[in-house]
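A short worksheet on the structure shown next.
The values are calculated or read from the model by the stated rules, or taken from the named source; none is laboratory data. No experiment lies behind these values; they were computed from the predicted model shown. All Cβ positions, even for glycine, are placed from backbone atoms using ideal geometry, and neighbour counts span all protein chains on display. Keep in mind that these areas ignore ligands, DNA and RNA; they rest on the heavy atoms of the full protein, side chains included. Shrake-Rupley method; radii C 1.70, N 1.55, O 1.52, S 1.80 Å.
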Amino acid sequence: MNQNPDSHSVRRIVLPSGRSIEVVRFSLEARPIHGLHVCPECSSQLVQPVQWGEATVGFWELTLQCPNCDWLTDGVFDQAQVDEFEEQLDDGLTDMLNDLRRLTQANMTDEIDRFAAALHSDLILPEDF
Ligand SMILES: [Zn+2]
């Protein structure tokens, strides 16, 4: 299996806006190693979709932005790329919710400790309620 890494196919698609674009698909070896969530400018893994829509069946037109360096791009990506990107976004959301849960728990523990300390010091009286 000796595949040329420069091999690619070009497909012309017409967007709902009427604009016609060429989608260049490279062979597996030539595809970017990193997914759409990785910024090509600063390597941040926090690239987000800021606008999206179906370009044509199996292709999505996305506007991507890096919150770290403000890199912004428009592009048309195939379903497999978008599926992988969606998984990365879901993983990121799960991580963020776990962090929020831990932070909320830490804040509540801190509040309870302060409330208990105030009770012991007679700083909270019945008329406070
Ligand atoms: Zn960036």
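The table below gives the values:
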| item | result |
| --- | --- |
| Per residue value of the accessible surface for the chain (all protein chains in place, 1.4 Å probe), Å² | 77 |
| GNM flexibility winner over the chain from Val14, Val82, Val47 (Cα, springs under 10 Å) | Val14 |
| Probe 1.4 Å - accessible area at Ser17, Å² to nearest ten | 100 |
| For the chain: relative contact order, % (alpha-carbon pairs under 8 angstrom, 6 or more apart) | 14 |
| Globularity index of the chain, i.e. its alpha-carbon radius of gyration over 2.2 N^0.38 Å | 1.76 |
| Net length gained if the chain between Cys69 and Thr56 were fully extended (0.36 nm per residue, minus Cα distance) | 1.7 nm |
| Charge dipole (debye, nearest 20) of the chain; +1 at Cβ of Lys and Arg, -1 at Cβ of Asp and Glu | 720 |
